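Nothing in this text is a laboratory measurement; each read-out follows from the coordinates by a stated rule. Because the structure is predicted, anything quoted here is derived from the model rather than measured. Methodologically, a virtual Cβ is constructed for each residue, glycine included, from the backbone with ideal geometry; neighbour enumeration extends over all protein chains shown.
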Amino acid sequence: MSTIPRILLTGFDPFGGESINPSWEAVRALHGKRIGGHRIVALQLPTEFAGSLRKLKAAVRELAPTILLGVGQAGGRAQLSIERVAINLQDARIPDNAGAQPIDEPVIAGAPAAYFSTLPIKAMLAALHAQGLPAEISNSAGTYVCNHIAYAMLHLAAMKRSVRAGFIHIPYLPAQAAARRGAASMALDDVVHGLEVALRTAVATPVDRKLGGGALD
Ligand code: PCA
């Protein structure tokens, strides 16, 4: 195996009655690409609480990545949504793809209530805007499988200081939004470009910039 530092970039399989998940479509387009001296490894995770965690842990053990970036579909959101925080909670509104529906259970028992992203979220936001891509900081990754994986990635990063981690939610693809009146969407090429810009910025920015990106609600 090469000694180039690795970025583990994860997407999810379709869930909730969809036949496609834009997160996997986007991350797989970046598999094998080199960014700032790092190699991207794309990994599909099942939209399952237990299964996703098992697969993530095995990949981290095998690849020893220095950056973990999780990507997931957030149907209804209009922009690339850079998550600031993940919480130690599972509260599933719908069953996962294995039929599990945990209510008010921790992701990792005994671990902290929340972790902040350790990727430079403000620098990433500025870089996306500079490329003309719609992006925002989000202060909640929800309480479903995406938050679960975001929390697990940040827990791993907290255990190992050489690892940085974060999560980005993305809108529906146009074809998904076409079936829903008024739903926002983003073209796959823009999402792929945005993820590449975000990762390039993450690699190049060890300490985040102090830029406004807060919310009043
Ligand atoms: N989105 C879901 C789980 C898988 C995905 O792509 C979420 O936001 O939790």
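Computed about the Cα centre, the dipole magnitude for the range 85-178 is approximately 420 debye when only Lys and Arg (+1) and Asp and Glu (-1) carry charge, each at its Cβ.
Relative contact order of the chain, taken over Cα pairs closer than 8 Å and 6 or more residues apart, is 26 percent.
Sorted on the mean count of surrounding Cβ atoms within 10 Å across their residues, most packed first, peptides 49-61, 70-82, 172-184, 111-123 read 70-82, 111-123, 49-61, 172-184.
Taken along the Cα-to-beta-carbon direction at a fixed 7 Å, the label points for residue 78 and residue 156 span 3.4 nm. The HN-Hα couplings worked out from phi for the range 21-29 by the Karplus form 6.51 cos²θ - 1.76 cosθ + 1.60 (θ = phi - 60°) are 10, x, 5, 6, 4, 6, 6, 5, 5 Hz, whole numbers, x standing for Gly and Pro.
Length available on full extension from residue 33 to residue 109: 0.36 nm per residue minus the Cα-Cα distance, which gives 23.8 nm. The Rg/Rh ratio for the chain, using Cα coordinates for both the radius of gyration and the Kirkwood hydrodynamic radius, is 0.93. Pairs of Cα atoms nearer than 8 Å and 6+ residues apart set the relative contact order; for the range 1-77 it is 44 percent.
For the chain, a crude dipole built from +1 on the beta carbon of Lys and Arg and -1 on the beta carbon of Asp and Glu, taken about the Cα centre, is about 760 debye to the nearest 20.
Once the Cα-Cα distance is subtracted from the 0.36 nm per residue extended length, the residue 184 to residue 91 segment shows a gain of 31.0 nm.
Taken along the Cα-to-beta-carbon direction at a fixed 7 Å, the label points for residue 101 and residue 175 span 3.0 nm. Positive end of the dipole of the range 55-162 (Cβ unit charges, origin at the Cα centre): among 123, 80, 90, the Cα lying farthest that way belongs to 123. Less than 5 angstrom separates the built amide H of residue 80 from those of 135, 136, all sequence-distant by 5 or more or on a different chain.
For the range 1-86, the Cβ-based charge dipole about the Cα centre amounts to some 380 debye (Lys, Arg positive; Asp, Glu negative; other atoms uncharged).
Rounded to the nearest 5, the antiparallel percentage of DSSP beta bridges internal to the chain is 25%. Of the residues 170, 148, 194, the one whose Cα sits farthest toward the positive end of the charge dipole of the range 103-217, with +1 on the Cβ of Lys and Arg and -1 on the Cβ of Asp and Glu, is 194.
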